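Take a look at the structure below.
The values are calculated or read from the model by the stated rules, or taken from the named source; none is laboratory data. Keep in mind it's a predicted model, so treat the numbers as computed, not measured. Note that each Cβ is placed from the backbone with ideal geometry, even for glycine, and that neighbours are counted across all protein chains shown. Areas reflect the complete protein model, heavy atoms only, side chains present, ligands, DNA and RNA absent. Shrake-Rupley method; radii C 1.70, N 1.55, O 1.52, S 1.80 Å.
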Amino acid sequence: MRGDPLRFMRVDGSLPTVEDAIFQGLRPYSVGRQGVADYYDSQPLGMTAEYRILEARQLADGLVLGYLSVDFAFTDRATIVVNLSVLVKDTKEGWRISHYQVSRLAPAA
């Protein structure tokens, strides 16, 4: 496996994706790089993401499944904790996200 396929998390709309990536943040899904850029352009300034990889599986040559826990922190509200599943694909340009799916976790009681 070439490089680190799960080293991709950015919060500036520049997540490296394949052209037809399926992206599901906390709003309706989109397909393609423009949808990813639009999603992150709509996020508040100062938002940060801290993540930890919970599981990773190489499904085939050049295809990795990642399951992560991500804390999205904001300057003006509480942190949102989500689980994130991604499929990353090894391309000529390097590792790129092909599928991104977020599940919001309920606050602890």
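Rolling a 1.4 Å probe over the protein heavy atoms leaves D61 with an accessible area of roughly 150 Å². Mean separation of Cα pairs under 8 Å and 6 or more residues apart, divided by the residue count, gives region 34-109 a relative contact order of 22 percent. Counting charges near A78 (Lys, Arg +1; Asp, Glu -1) among other residues having Cβ under 13 Å from its Cβ returns a value of 0.
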